[in-house]
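The structure under discussion appears below in the form of structure tokens.
The values are calculated or read from the model by the stated rules, or taken from the named source; none is laboratory data. All figures in this text were calculated on a predicted structure; none of them were measured in a lab. Here the Cβ positions follow ideal geometry from the backbone for every residue, glycine too, while neighbour counts run over all protein chains shown. Only protein heavy atoms, including side chains, enter the accessible area calculation; ligands, DNA and RNA are left aside. Shrake-Rupley method; radii C 1.70, N 1.55, O 1.52, S 1.80 Å.
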Amino acid sequence: MTFASVQELIQGTRQTIQLNGGLRVTDPSALRGETIDRLAHTAVFGEGDARDAARWLIWEVGWEVGVKSASIDALYQARAREEYANVTVPAMNVRAMAYDFARAIVSSAKRRNVGTFIFELAKSEMGYTNQSCDEFATVMMAAAIKEGHTGPIFIQGDHYQADAKKYRTDPEGVMDGLKKLIREAIAAGYGNIDIDTSTLVDLSFPTLAEQQRHNYERCAELAALIRQIEPPGVTVSIGGEIGEVGKKNSTVDELEAFVEGFNSAFQGRVGDKRGLSKISVNTGSSHGGVVLPDGTIAKVAIDFDTLRDMSAAARRYGMGGAVQHGASTLPAEYFHKFPEVGTLEVHLATEFQNIIMDHGAFPEDLKQQMYAYIREKLADDRASGDTDEQFI
């Protein structure tokens, strides 16, 4: 399915895309057939100029047919003004089978008349899924084209996180790495970036402001960079985070300490520009869920009352509300509660991966190879007392 050269790519798309005198899509229906599939495949698995040409062409074709990467900030500003309620935006981490999974998201959204959804990829996921910002944005665009979507798509960098251990010995090196990633994401067309310096919170200090200081100062530094390099006319949506997911539950007082410190530090760098669109909090969930000895996921309690209070507090500062991470493994009966308590956005990842891995069509021999690799190569990651199911 891969175009071997730029010449072959141009020849293979000429029936649907005209390049003479400017790019024009001559047959949108045919484009959504084999053409976009081959372009997407080349954009990921192609090499050299052919791969780069496929990525460029997908992005340009998307805008031509009405698919445009956008910032969700305007919608979240409307939520801060109480112009709508009882809506929670799903943000889905597209880790595996990216083109097919993203297509399923778009087709499901169209079928159920879902207004807004976010494609996202975390900094950590970029490594173990081998997806660069450029590749990820291109594939999300291709999937939207394939499924006949028109209008904005929201592509988000999730958990652009500071490594606390490395930060202790090389703080500027950690920050430089995050700044490089932010530049790559914006250059790739991302309209939304979630900064996660919550790993730098230090609970040993006596006051909340002191506990949050490294978090809000470094978050403000990265947010200021985004405002300095974002494209003209675009206000990239920026998220902050007050407590590392899976750790201590967040409080309204912590939120206020973080936001007030952030606003002061941010304005000191860039003046009266738009600050945060949203803030991520911890209310009892954890990434991947809590795995029990038999491999099932523990049923955890989410503090919905505090989530409601923190969303309301966030709106007082001009943000759309609070964001819930680590939600996909929660019991199904919890999900109607998120919009009821004013949750702005909910992040979903692990259960989608489970669906793929546990599906009957997943090759059993491949799965066993993966498990054998984990047992052999990653044994040092096994926690004391873990069963095999918990470890895997």
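Overview of results
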{"quantity": "Exclusive hit being open to solvent by less than 40 Å² (accessible area, probe 1.4 Å), at pLDDT below 95 and in a loop (DSSP other than H, G, I, E, B), set 343, 329", "calculated": "329"}
{"quantity": "Residue among 189, 173 that alone is small (Gly, Ala, Ser) and within 25 Å of residue 110 (Cβ to Cβ)", "calculated": "189"}
{"quantity": "Only one of 44, 87 that is closer than 27 Å to residue 348 by Cβ, open to solvent by 40 Å² or more (accessible area, probe 1.4 Å) and in contact with a Pro (Cβ under 9 Å, 6 or more places away or on another chain)", "calculated": "87"}
{"quantity": "Failed condition for residue 1, given (1) out of contact with any Lys or Arg (no Cβ under 6 Å at 6 or more places or on another chain); (2) more than 30 Å from residue 276 (Cβ to Cβ); (3) exposed (fewer than 14 other Cβ atoms within 10 Å of the Cβ); (4) hydrophobic (A, V, I, L, M, F, W, C)", "calculated": "(1)"}
{"quantity": "Some residue of the range 239-246 being open to solvent by 60 Å² or more (accessible area, probe 1.4 Å) and of a type outside the set (Asp, Glu)", "calculated": "no"}
{"quantity": "Selection within the range 316-326 - open to solvent by 20 Å² or more (accessible area, probe 1.4 Å), in contact (Cβ under 8 Å) with a residue 24 or more places away in the chain and either in a helix (DSSP H, G or I) or at negative phi (or both)", "calculated": "317"}
{"quantity": "Condition broken by residue 266, with the remaining ones in (1) surrounded by 19 or more Cβ atoms within 10 Å (Cβ to Cβ); (2) at pLDDT below 95; (3) of a type outside the set (Gly, Ala, Ser); (4) farther than 28 Å from residue 95 by Cα satisfied", "calculated": "(2)"}
{"quantity": "Residues within the range 11-37 that are over 11 Å from residue 65 (Cα atoms) and open to solvent by 80 Å² or more (accessible area, probe 1.4 Å), tallied", "calculated": "6"}
{"quantity": "Unmet criterion (only one of (1) at pLDDT below 95; (2) open to solvent by 10 Å² or more (accessible area, probe 1.4 Å)) for residue 250", "calculated": "(2)"}
{"quantity": "Answer residue from the range 47-61, given it is of a type in the set (Gly, Ala, Ser) and open to solvent by 10 Å² or more (accessible area, probe 1.4 Å) and is farthest from residue 148 (Cα to Cα) among those", "calculated": "48"}
{"quantity": "Failed item, numbered, when residue 313 is tested on (1) in a loop (DSSP other than H, G, I, E, B); (2) aliphatic (A, V, I, L, M); (3) open to solvent by less than 40 Å² (accessible area, probe 1.4 Å)", "calculated": "(1)"}
